[in-house]
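Read through the structure below, which is laid out as structure tokens, and then see the notes.
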């Protein structure tokens with residue numbers, strides 16, 4: 001479940017809004033695991049979206065950049081890798097987790113022993129993109 005916080009909270013119960021979401025005292029509890037478009041909508045409209053950390057063990061289809069550092073660490077632990085202690089910024093941690101998940105998805109037999117160090121830039125593309133590019 002995700003906790004959505006209204007940008008202008010009001011006491012009481014709201015009428016059903018987008019996708020039937022009802023806010024009580026400015027907060028709604030909604031399962032967004034299979035609704036990435038709804039997740040993106042609320043973020044674009046300025047709502048706060050927090051995910052239950054237990055939910056992250058499953059296949060949650062949300063952008064990693066929207067997760068908290070604790071949630072990103074949970075995703076890493078659930079996928080059997082650690083985030084290097086040198087990474088402090090959320091954006092850096094999200095990029096690292098995204099890279100590690102991509103490596104594991106594209107090459108499931110690859111074992112990375114120790115931290116993944118990237119100097120310069122790293123572009124991660126999906127298998128579908130490789131196929132479309134003829135690579």
remark   = Rounded to the nearest 0.05, FRET efficiency between residue 98 and residue 11 (Cβ-Cβ, R0 35 Å) equals 0.35
note = Here the Cα Rg-to-2.2 N^0.38 Å ratio for region 1-56 is 1.05
inquiry  = I need the peptides 23-29, 92-98, 81-87, 13-19 ranked by packing, meaning the mean over residues of other C-beta atoms within 10 angstrom, with the highest value on top.
reply    = 92-98, 23-29, 81-87, 13-19
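Readers should treat all values here as calculations from the given coordinates under stated rules, not as data from a laboratory. Please read these numbers as outputs of a predicted model, since none were measured by experiment. Here the Cβ is made from the backbone with ideal geometry for all residues, glycine too, and neighbour counts use every protein chain on show.
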